[in-house]
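Engineer: The structure that follows is given in the form of structure tokens.
Coordinate-derived values only; no laboratory data. Predicted model, so just to flag it, every value in this text is computed and none were measured. Here the Cβ positions follow ideal geometry from the backbone for every residue, glycine too, while neighbour counts run over all protein chains shown.
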Amino acid sequence: MDLSEKRLADHPFLKGLSEEHLRILEDCSMRRVFEAGEVIFREGDLANRFYLILSGSVVLESAREGASPIDVQTIGPGDVLGWSWLFPPYSWRHDARAVERTEAIFLYGTRIRAKCEEQPALGYELIKRMSLVIIQRLQATRKELVRVISKNEAGKP
């Protein structure tokens, strides 16, 4: 196992994945750095990748017509950014922006989807793991929605 594979193997999202599957993912990955304020992706754009956050932080934002976006969740080291690459129509569901300098492992989702077709065991592992990420993001969105509604109702006369 080389240094890149070890770095993948050490990320919480991939802990316990077989060496064979880690090698496949390593072949579909590269290191990426985002500077503070840099937009990583925008809602509606093509989702063809995902990221394993190593350091820094990223805010997920939900756009609102005629108003500033709502910060849905801030994620950091050990988190996964992006699940939309795995499910049609393969478009982002939020905007993502680096809050501070952020280092991540970029994984090519389209290549990984093809590898999952060839190796269903890899696909099953990724679906199980990504499902947990999706549930967590939906819960964060729900909590933020309740907070915003409660704040708006508290301000009514």
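Engineer: Only one of (1) in contact with a strand residue (DSSP E or B) (Cβ under 9 Å, 6 or more places away or on another chain); (2) surrounded by fewer than 18 Cβ atoms within 10 Å (Cβ to Cβ); (3) not in a loop (DSSP other than H, G, I, E, B) is not met by GLY44, so which one is it?
Structural biologist: If we test GLY44 against (1) in contact with a strand residue (DSSP E or B) (Cβ under 9 Å, 6 or more places away or on another chain); (2) surrounded by fewer than 18 Cβ atoms within 10 Å (Cβ to Cβ); (3) not in a loop (DSSP other than H, G, I, E, B), just (3) comes out false.
Engineer: Something else now. When the residues of the stretch 48-65 are filtered to those that are of a type in the set (A, V, I, L, M) and over 21 Å from LEU8 (Cα atoms), which remaining residue is surrounded by the fewest Cβ atoms within 10 Å (Cβ to Cβ)?
Structural biologist: My answer is ALA63.
Engineer: Can you find even one residue in the stretch 95-114 that is buried (at least 17 other Cβ atoms within 10 Å of the Cβ), touching a residue at least 12 places away in the same chain (Cβ under 8 Å), closer than 28 Å to LYS151 by Cβ and touching a helix residue (DSSP H, G or I) at 6+ places or on another chain (Cβ under 6 Å)?
Structural biologist: Within the stretch 95-114, none of the residues are buried (at least 17 other Cβ atoms within 10 Å of the Cβ), touching a residue at least 12 places away in the same chain (Cβ under 8 Å), closer than 28 Å to LYS151 by Cβ and touching a helix residue (DSSP H, G or I) at 6+ places or on another chain (Cβ under 6 Å).
Engineer: Of (1) within 23 Å of GLU117 (Cβ to Cβ); (2) without any contact (Cβ under 8 Å) to a residue 60 or more places away in the chain; (3) not hydroxyl-bearing (Ser, Thr, Tyr), ASN48 satisfies all except one. Which?
Structural biologist: Of the numbered conditions (1) within 23 Å of GLU117 (Cβ to Cβ); (2) without any contact (Cβ under 8 Å) to a residue 60 or more places away in the chain; (3) not hydroxyl-bearing (Ser, Thr, Tyr), the odd one out for ASN48 is (2).
Engineer: Check off (1) farther than 23 Å from LYS143 by Cβ; (2) in contact (Cβ under 8 Å) with a residue 60 or more places away in the chain; (3) touching a helix residue (DSSP H, G or I) at 6+ places or on another chain (Cβ under 9 Å) for ILE70 and give me the number that stays unchecked.
Structural biologist: Answer for ILE70: the failing condition is (1).
Engineer: For residues in the stretch 60-71 being of a type in the set (A, V, I, L, M, F, W, C) and touching a Lys or Arg at 6+ places or on another chain (Cβ under 8 Å), which is nearest to VAL133 (Cα to Cα)?
Structural biologist: LEU60
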